[in-house]
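Only one structure is covered here, and it is reproduced in the block below.
Read-outs: derived from the displayed coordinates by stated rules, not from any lab. Remember, predicted model here, so these are calculated numbers, not experimental data. Note: ideal-geometry Cβ built from the backbone for every residue, glycine included; neighbour counts use all protein chains shown.
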There are 2 protein chains.
Amino acid sequence: MTKTSRVPQRREESLTRDRIIEASIALLDERGEGGLTFRALSERLATGPGAIYWHIADKSDLMTAASDAIVARTLGPPADGARPEAAIRAVALGMFDAIDDHPWVGSALMRAPGQLPMVRLIESLGRQLRALDVPEDAQWPAVFALLSFILGVSGQNAANAHVARTRGLDRTVFLTDVATVWSNLDPNDYPFARSIARHFPDHDDRADFVAGIDLILSGLAARRRR
Amino acid sequence: MTKTSRVPQRREESLTRDRIIEASIALLDERGEGGLTFRALSERLATGPGAIYWHIADKSDLMTAASDAIVARTLGPPADGARPEAAIRAVALGMFDAIDDHPWVGSALMRAPGQLPMVRLIESLGRQLRALDVPEDAQWPAVFALLSFILGVSGQNAANAHVARTRGLDRTVFLTDVATVWSNLDPNDYPFARSIARHFPDHDDRADFVAGIDLILSGLAARRRR
DNA sequence: ACCTGAACACCGTTCAAGT
DNA sequence: ACCTGAACACCGTTCAAGT
């Protein structure tokens, strides 16, 4: 029984922080937020749950590291060629698409205030605001507005993905259900919610996102003109 | 041993959905997000964990109902007297302050897409945008921008509160720590993050929040002028 | 130094049994 | 109709013991 030629459950490469993060991302992508557990992870890595703690501090460290890997490859090096407004739009859209692909990043980012993935995003946005000649003391409020908007959208998308997954129905079905409920609200109490429910199932999240970014950029431009 | 005169653990009033929600809010306020468990809740209500399931569907239902109670009393009836822009600012600031008092509402709201608390917020914002004479097809994008910004800030505040609670340090200490880390980042890679770290510990969250709302409102006003 | 895996102290949820 | 509380199927995390 010793030295059998194939021992498939035995891992070949040694356990590293990077391999753990890579496996976590795969698990999160495949099974959603709830899919990352130390048991599932250690099984996939052919080790015991305790081994992981040698390389990472705890689950929150793991989530932050996993989201940082996505954010780092999404933002990449700063795009120096583009005009600042276009660069901001590109940064924002990059994040939107990344979180569309990996919804769990939305909630992970939000739960890691002041951590590296957040710093990357703030840096990317802040540089472009400097390039836009936004006055020094208006830079942080503007970055904060863009950041908060991006995080808000990300969190909502993560929640939508989570609901869709746990209820086993896709996005369109879920939106249609919500639209139906909203359409049946009391017309006196909820006139606005009723009126927009109609346009709900066939509307474009990504377009709404761009519109939001552009609204903030317009506000910024209006300020500079004064 | 039977019929002792004082049986303090026996509850007086019958279990209702409202009493469960009220007790949940108290628990969340006192102990933070992690403080609401079915065991702690049933102990406080002098009942068994199973009893709660007769009145509420599951934990997500409970969180949504708890946050809805806060949102409902925060938004209240629409303030008809005020000018629309002032009314929007009032709605947003009301939410900011409510979530400052009950940080868990920030994450609960985000995890309840399409649910009642969200509808209330959307309705409050949407009405004022109609009153602002924003064209029909620009109303939803504007509501979405305001909503996402508010949710983004709420989520960040919830995360800050959670970190502060679990690490047992207050907000200022936490921010000072983050500022120190950021100040030591590589000057070539993170010039912007380094430069704002200085202003971090003594800056006003609420002012940043108002600035963000105003930026979106300015953007909206700029659009209308065209 | 790095890994193992049983054990601990929790969770949310269910359900037979009671009133 | 409403409540009880034990039991189930999980969690994240620790730690003595191994190599």
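Among rounded, prolate and oblate, which fits the stretch B:169-220 when a ≥ b ≥ c are the square roots of the eigenvalues of its C-alpha gyration tensor, a/c under 1.5 means rounded, and a/b larger than b/c means prolate? It is oblate, given that a/c is not under 1.5 and a/b is not larger than b/c. Place the label 7 angstrom along Cα→C-beta at A:Val181 and in each other copy, then list the distances from the first to the rest in nm, shortest first. With the label placed 7 Å along Cα→Cβ, A:Val181 yields 3.7 nm. With the convex hull of the Cα atoms taken as the outline of the stretch A:94-226, the averaged projected area works out to 10.2 nm².
Counting only alpha carbon atoms, the long axis of helix B:171-183 and the longest principal axis of chain B meet at about 40°.
Under a Gaussian network description of chain A, with springs only between Cα atoms under 10 Å, the residue in A:Pro84, A:Pro187, A:Pro117 that fluctuates furthest is A:Pro187. Computed over neighbours whose Cβ is under 15 Å from that of B:Asp68, the net charge equals 0, Lys and Arg +1, Asp and Glu -1.
When only the Cβ of Lys, Arg, Asp and Glu is charged (+1, +1, -1, -1), the dipole of chain B relative to its Cα centre reaches about 440 debye. Summed over qualifying helices (DSSP H, 4 residues or more, each -39500 (n - 2.57)) and divided by its residue number, chain A shows a 222 nm mean residue ellipticity of -23000 deg cm²/dmol.
Counting only GluC sites (Glu not before Pro) that DSSP places in a loop and that have at most 10 other Cβ atoms within 10 Å, the longest clean stretch of chain B runs over B:14-226. Share of Cα-Cα pairs in the stretch B:81-127 beyond 11 Å, in percent? Roughly 69 percent, rounded to a whole number. Calculated FRET efficiency, B:Ser183 to B:Ala46, Cβ-Cβ distance, R0 = 35 Å: about 0.10 to the nearest 0.05. Ascending distances from the A:Thr166 label point to its copies in the other chains, with the point 7 Å along the Cα-to-beta-carbon line: 1.8 nm. If you fit an axis through the alpha-carbon atoms of helix A:116-131 and take the longest principal axis of the Cα set of chain A, what angle between them do you get, 0 to 90°, nearest 10? Tilt relative to chain A: about 30 degrees.
Starting from the label point of B:Arg206 at 7 Å along Cα→Cβ, the same points in the other copies fall at 4.1 nm, in ascending order. Does the stretch B:26-109 classify as rounded, prolate or oblate by the C-alpha gyration tensor (a ≥ b ≥ c root eigenvalues; a/c under 1.5 gives rounded; else a/b over b/c gives prolate, otherwise oblate)? Prolate, because a/c is 1.5 or more and a/b exceeds b/c. For chain B, the residue among B:Ser60, B:Ser42, B:Asn157 whose Cα projects farthest onto the positive side of the dipole built from Cβ charges is B:Ser42.
Note on A:203-214: average number of Cβ atoms from other chains within 10 Å of each residue's Cβ is 3. Kirkwood analysis of the Cα pair distances in the protein assembly as shown returns a hydrodynamic radius of 23.7 Å. Under the convention that each Lys and Arg Cβ holds +1 and each Asp and Glu Cβ holds -1, the size of the dipole of the stretch A:166-210 around its Cα centre is about 60 debye. A cut-off under 9 angstrom between Cβ atoms defines the neighbours of A:Leu217, and their net charge, with Lys, Arg +1 and Asp, Glu -1, is -1.
If only the Cβ of Lys and Arg carry +1 and only the Cβ of Asp and Glu carry -1, the dipole of the stretch B:8-79 around its Cα centre is close to 160 debye. Please give the helix B:17-31 orientation as an angle from the longest Cα principal axis of chain B, in degrees from 0 to 90, rounded to the nearest 10. For B:17-31 against chain B, the angle is about 70 degrees. Remark: the stretch A:91-108, residue by residue, has Karplus-estimated 3J(HN,Hα) of 4, 4, 5, x, 5, 4, 5, 4, 6, 5, 6, 10, x, 4, 4, x, 6, 5 Hz, where x stands for each Gly or Pro and the curve is 6.51 cos²θ - 1.76 cosθ + 1.60 at θ = phi - 60°.
Each of B:His203 and B:Asp29 was given a label point 7 Å from its Cα along the Cα-to-Cβ line. The distance between the two points is 3.1 nm. Shape analysis of chain A based on the Cα gyration tensor places the equivalent ellipsoid semi-axes at 38, 27, 13 Å, largest first. Put simply, the C-alpha atoms of the stretch B:74-171 give a gyration tensor, and the ellipsoid matching it has half-axes of 27, 14, 11 Å, longest first.
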